[in-house]
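S.K.: Dumping the structure here so I can ask a few things about it.
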There are 2 protein chains.
Amino acid sequence: MASTIRLHVDHPLGAGQTVPLSQPQAHYLFGVMRKGTGEVVELFNGHDGTWTAEVTEAKKKAGALACIDRIAPQRNAPDVWLLFAPIKKQRTDFIVEKAAELGAARICPVVTEFTNAERVRQDRLQAHAVEAAEQCGGNFVPDVTEAAKLGSVLAEWDPSRQILFCDETRVGVADVLDGKQGGPWAILIGPEGGFSDAERARLRDLPFAHPVSLGPRILRADTAAVAALTLWQQALGDWA
Amino acid sequence: MASTIRLHVDHPLGAGQTVPLSQPQAHYLFGVMRKGTGEVVELFNGHDGTWTAEVTEAKKKAGALACIDRIAPQRNAPDVWLLFAPIKKQRTDFIVEKAAELGAARICPVVTEFTNAERVRQDRLQAHAVEAAEQCGGNFVPDVTEAAKLGSVLAEWDPSRQILFCDETRVGVADVLDGKQGGPWAILIGPEGGFSDAERARLRDLPFAHPVSLGPRILRADTAAVAALTLWQQALGDWA
């Protein structure tokens, strides 16, 4: 059950390319995982595919690798964004992790009228997305945006990007997605208290927003995010 | 955003029926939520539908309610079981919570060759399932079984219950479920390390077991459980 260590790096990858490690990566690879020079890991940067790379320098707080072979082509996330109202810290972390695994191009915390959450730290959530991408074997990392108000997000929305918004309705996801084309799409998940009447009215007025239901029970926001992304991936994404 | 308190009770429900509260429920309702006599909550027991009930007695460690009206008929979970190899405590709790929300009739921790988890406490997981059922508005609670070895579970398996087992394969869930009928079904999720070769061979030999893939990335066990249940519910369950 030995699994290969996979690292996301912000550096070009190519045959013979030397890639420096950040201090936390060097600590993880050499301190925690006890790897040394000559050992092989996998690298990706979201552009150049997945590469094997050999450790050429292993210090306590720094290190370097040399790329060997490209073992997988670059494969980007399908063009679906996940917009969600942040909730409790642990469940927000969970949503970001799951969105990276299931495959989203962008993860956008949006503040709605009934959003009741601590401050969202974009850097921490982005780090979670990187970790999930390293873990799941993909070679892209979703961009996590800074939290923004739902009203402002909708005011600047590109109408060519359709929105699946999860709400109390009788329309199933399949009914909306059947026969539709892939991206650009977005999935919008409300907070635990739901959308306000004003938000709901505004969303229902948008020609590119489609209200959908996720079954007969009331799902928590984190469950709804995973369920909606799954159904989208199955219908229009890279799971087909 | 006032939401009604919903309690699962082990007691018959019916017009005028008096329902005693357990000590933890009395503590929650009167101590934590500050409810008192005359206030109305919702009750369900997994058999008699959902009832409104009025608090008739509110003591520190005990209490009673009187049923008023049946506001929803009994609606049981679709006949799908979730079998999963327990993982870390927090993620195991999460799987149980999500299975109750998404709708499973039974939740079965199964110990596989590569299962690496602390002891599973059935009573704690069952309590999680009750809490999730109270939260999600359904009126059934999935049964959580004691952990059992996968081999023993399969040895006693009723072959009329088909198994969707999530494995590395090229077959999508939709390809297996299209045209199939609803329950009895089960979903089987392996541990983080996957199934052993022997387990995989045994499962693939079972005529009622169908290997399926959940997209091109490697999902964590908790993500896989939610994704597979979602796709099953959409295809054959009560989400259609």
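The values are calculated or read from the model by the stated rules, or taken from the named source; none is laboratory data. Keep in mind the model is a prediction, meaning the values are calculated, not measured. Note: ideal-geometry Cβ built from the backbone for every residue, glycine included; neighbour counts use all protein chains shown. Just the protein is used for accessible areas: all its heavy atoms, side chains included, with ligands, DNA and RNA removed. Shrake-Rupley method; radii C 1.70, N 1.55, O 1.52, S 1.80 Å.
S.K.: Residues of segment A:6-72: accessible area per residue at 1.4 Å, in Å²? Intermediate values should be presented prior to the final figure.
M.R.: Working: 3520 Å² over 67 residues.
That works out to 52 Å² for each residue.
S.K.: So which GluC sites (Glu not before Pro) in segment B:84-141 are both in a DSSP loop and have at most 14 other Cβ atoms within 10 Å of their Cβ? Each step should come with its number before you reach the end.
M.R.: Numbers: sites: B:GLU97, B:GLU101, B:GLU113, B:GLU118, B:GLU131, B:GLU134; in loops: B:GLU113, B:GLU118.
Taking segment B:84-141 and a limit of 14 other Cβ atoms within 10 Å, the loop GluC sites (Glu not before Pro) found are B:GLU118.
S.K.: By the scheme Lys and Arg +1, Asp and Glu -1, what is the net charge of all other residues having a beta-carbon under 11 Å from that of A:ALA147? Working shown, then result.
M.R.: Working: positive: A:ARG119, A:ARG121, A:LYS149; negative: A:GLU118, A:GLU146.
My count for the surroundings of A:ALA147 gives +1.
S.K.: Please compare each pair in B:LYS98/B:LYS149; A:LYS149/B:LYS89; A:LYS88/B:LYS98; B:LYS61/B:LYS89; A:LYS89/B:LYS89; B:LYS35/B:LYS61 to a cut-off of 24 Å on the Cα-Cα distance and tell me which ones are over it.
M.R.: On the way: B:LYS98/B:LYS149 22 Å; A:LYS149/B:LYS89 35 Å; A:LYS88/B:LYS98 16 Å; B:LYS61/B:LYS89 30 Å; A:LYS89/B:LYS89 18 Å; B:LYS35/B:LYS61 13 Å.
Going by Cα-Cα distance, A:LYS149/B:LYS89; B:LYS61/B:LYS89 fall outside the 24 Å limit.
S.K.: Now, a different point. Per-residue HN-Hα couplings for segment A:7-21, Karplus 6.51 cos²θ - 1.76 cosθ + 1.60 at θ = phi - 60°, whole Hz, x for Gly and Pro?
M.R.: 10, 8, 10, 9, 7, x, 10, x, 3, x, 5, 8, 10, x, 9
S.K.: OK, next. Using only alpha carbon pairs under 8 Å that are at least six residues apart, calculate the relative contact order of segment B:80-236 and give it in whole percent.
M.R.: Working: 281 pairs, mean separation 49.3, N = 157.
Averaging sequence separation for qualifying contacts and normalising by length gives 31 percent for segment B:80-236.
S.K.: Where the label is 7 Å out from Cα toward Cβ, how close does B:ARG70 come to the same position in every other copy, in nm, shortest first?
M.R.: 6.6
S.K.: Given the C-alpha atoms of the protein assembly as shown, compute the convex hull and give its volume per residue in Å³.
M.R.: On the way: hull volume 78.2 nm³, N = 480.
Roughly 163 Å³ of hull volume per residue.
S.K.: Now for a different question. Expressed in nm to one decimal, what extension gain is obtained for the pair A:ASP79 and A:ARG204 from 0.36 nm per residue of sequence separation less their Cα-Cα distance? Could the numbers behind the result be given before it?
M.R.: Working: separation 125, 0.36 × 125 = 45.00 nm, distance 2.25 nm.
Stretched out fully, the A:ASP79 to A:ARG204 stretch lengthens by 42.8 nm.
S.K.: Then there is this: Using a 7 Å offset from Cα along the direction of the beta-carbon, what are the separations from A:GLU118 to the same position in each other copy, nm, ascending?
M.R.: From this label point to the equivalent ones elsewhere in the assembly: 2.1 nm.
S.K.: Provide the net charge surrounding B:ASP93, with neighbours chosen by a C-beta distance below 11 Å and charges set as Lys +1, Arg +1, Asp -1, Glu -1. Each step should come with its number before you reach the end.
M.R.: Values: positive: B:LYS88, B:LYS89, B:ARG91, B:LYS98, B:ARG121, B:ARG124; negative: B:GLU97, B:GLU131, B:ASP222.
Spelling it out: positives minus negatives among the neighbours equals +3.
S.K.: For segment B:140-240, which chymotrypsin sites (Phe, Trp or Tyr not before Pro) pass both filters: DSSP loop (anything but H, G, I, E, B) and at most 15 other C-beta atoms within 10 Å? The partial results should precede the final answer.
M.R.: Numbers: sites: B:PHE140, B:TRP157, B:PHE165, B:TRP185, B:PHE195, B:PHE208, B:TRP232, B:TRP239; in loops: B:PHE140, B:TRP157, B:PHE195, B:PHE208, B:TRP239.
Those satisfying the criteria are B:TRP157, B:PHE208.
S.K.: Scanning chain B for trypsin sites (Lys or Arg not before Pro) in DSSP loops with at most 13 other Cβ atoms within 10 Å, what's the longest stretch left with none?
M.R.: Working: sites that count: B:ARG34, B:LYS59, B:LYS60, B:LYS61, B:ARG119, B:ARG170, B:LYS180.
Longest stretch, sites excluded: B:181-240.
S.K.: Using the basic label-point model (7 angstrom from Cα toward the beta carbon), what is the A:LYS61 to A:GLU146 distance in nanometres?
M.R.: Taking the simple label geometry, A:LYS61 and A:GLU146 are separated by 3.0 nm.
S.K.: Which loop-located GluC sites (Glu not before Pro) does segment B:30-82 contain, where loop means any DSSP state but H, G, I, E or B and the Cβ has at most 14 other Cβ atoms within 10 Å? Don't skip to the end; give the middle numbers.
M.R.: Numbers: sites: B:GLU39, B:GLU42, B:GLU54, B:GLU57; in loops: B:GLU39.
For GluC sites (Glu not before Pro) across segment B:30-82 that sit outside H, G, I, E and B with at most 14 neighbouring Cβ atoms in 10 Å, the list is empty.
S.K.: With each pseudo-label sitting 7 Å past Cα toward Cβ, what's the B:THR169-A:ASP175 distance in nm, one decimal?
M.R.: Result for the modelled spin labels: 3.2 nm.
S.K.: OK, next. What FRET efficiency comes out for the pair A:ASP197/A:ARG119, r = Cβ-Cβ distance, R0 = 25 Å, nearest 0.05?
M.R.: Numbers: r = 27 Å, r/R0 = 1.06.
The calculated FRET efficiency here is 0.40.
S.K.: A follow-up question, please. Would you mind working out the accessible area per residue for segment B:80-236, using a 1.4 Å probe, and quoting it in Å²?
M.R.: Working: 6340 Å² over 157 residues.
Using a 1.4 Å probe on heavy atoms only, each residue of segment B:80-236 averages 40 Å².
S.K.: Considering only C-alpha atoms, what is the centroid distance from segment B:152-197 to segment B:106-124, in Å?
M.R.: So the two Cα centres are separated by 18 Å.
S.K.: Counting alpha carbon pairs within less than 8 Å and at least 6 residues apart, what relative contact order, in whole percent, applies to segment B:6-72?
M.R.: On the way: 150 pairs, mean separation 26.7, N = 67.
Relative contact order comes out at 40 percent.
S.K.: Report the charge-dipole magnitude of chain A in Debye, nearest 20, computed about the Cα centre from +1 at each Lys and Arg Cβ and -1 at each Asp and Glu Cβ. List each step's numbers first, then the result.
M.R.: Values: 25 positive and 30 negative charges, 104 e Å.
Dipole size: approximately 500 debye.
S.K.: What's the total accessible area buried between chains B and A, using a 1.4 Å probe, rounded to the nearest 100 Å²?
M.R.: Working: alone 12500 and 12480 Å², together 21850 Å².
Looking at B and A, the buried total is near 3100 Å².
S.K.: To continue, here is another question. Please report the carbon-and-sulfur percent of the accessible area for the protein assembly as shown; probe 1.4 Å, protein heavy atoms only, DNA, RNA and ligands left out.
M.R.: Details: 10460 of 21850 Å².
Carbon with sulfur: 48 percent of the solvent-accessible area.
S.K.: While we're here: Placing a label point 7 Å from Cα toward Cβ, how far apart in nm is A:ALA201 from its equivalents in the other copies, listed shortest first to one decimal?
M.R.: Here the equivalent label points are 6.7 nm apart from this one.
S.K.: Report, in whole Å, the centroid distance computed from the Cα atoms of segment B:81-96 and segment B:1-70.
M.R.: The two parts, judged by their Cα centres, are 29 Å apart.
S.K.: Something else about it: Is it possible to state the helix-based mean residue ellipticity at 222 nm for chain A, with each DSSP H run of 4+ residues giving -39500 (n - 2.57), the sum divided by total residues, to the nearest 500 deg cm²/dmol? What is it?
M.R.: Values: 7 runs with 69 residues, N = 240.
Computed mean residue ellipticity for chain A: -8500 deg cm²/dmol.
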